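Before any comments, here is the structure.
What follows is calculated from the coordinates using simple rules that are stated; it is not laboratory data. Owing to the predicted nature of the structure, the values given are computational and were not obtained by experimental measurement. We place every Cβ from the backbone using ideal geometry, glycine too, and count neighbours over all the protein chains shown.
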Ligand code: HEM
């Protein structure tokens, strides 16, 4: 995972546990805890840190990964404002992830391993996103969608019945903006 993501993870964990606990976590794992944006770090480092936070907070790993995605979104927008059109809306924005945003990410960081998304759109309020990645970080994708919904101040619902973690070859994230379920 790129250092930019690892640095955001460090900020997220510090926010969750406080500075002292984060420093203890670093000494117990032996990780440096400060990362260079363009460097690549083993995915295990991210997963180990999240697992440790989960043990300390009793928050399940899946929920922490979701919360990390939600935390990441506004941080990404702040760091790469040119990639997120402020006058867009949630679904048109989500349609740009694969062909615009992650393409630009690859230009900035050629060895970035961005996930693969395909789309099926039934109507302007109903988008099916097919997520595929060897990392199976679909909960991170869900959290990023949640962060994007907050950013665009949009009420939405998300269904994720078909999942790589349950044997599917790719996840199906169905986003609807015509429902009345409030953003939690
Ligand atoms: C709702 C919007 C987005 C979704 C759903 C999304 C999804 C993801 C996911 C799930 C990953 C983890 C890698 C994997 O699954 O293999 C990822 C990686 C990444 N994304 Fe996105 N993303 C979104 C928006 C953005 C934006 C706005 C930026 C920056 C402007 C961005 C930059 C990155 C970067 C730098 C990585 C790390 C790649 C690496 O470490 O090699 N993404 N994205």
Using alpha-carbon positions, what is the distance between the centroids of segment 2-81 and segment 127-163, in Å? 19 Å
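Report the FRET efficiency, 1/(1 + (r/R0)^6), for residue 159 and residue 108, where r is their Cβ-Cβ distance and R0 is 30 Å, rounded to 0.05. Each step should come with its number before you reach the end.
Values: r = 32 Å, r/R0 = 1.07.
About 0.40, to the nearest 0.05.
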Computed label-point distance, nm, for sites residue 120 and residue 78 using a 7 Å Cα→Cβ extension: 3.8 nm
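For residue 48 and residue 15 in one chain, what is 0.36 nm times their gap in residues minus the Cα-Cα distance, to one decimal in nm? Walk me through the intermediate numbers first.
Working: separation 33, 0.36 × 33 = 11.88 nm, distance 1.74 nm.
Full extension from residue 48 to residue 15 adds 10.1 nm.
Between residue 24 and residue 178, what length comes free when the chain is fully extended (0.36 nm per residue of separation minus the Cα-Cα distance, one decimal in nm)? Display every interim value, and only then the final one.
Details: separation 154, 0.36 × 154 = 55.44 nm, distance 4.55 nm.
Using 0.36 nm per residue and subtracting the Cα-Cα distance, I get 50.9 nm.
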On full extension of the chain, what length is gained from residue 150 through residue 99, given 0.36 nm per residue of separation minus the C-alpha to C-alpha distance? 16.1 nm
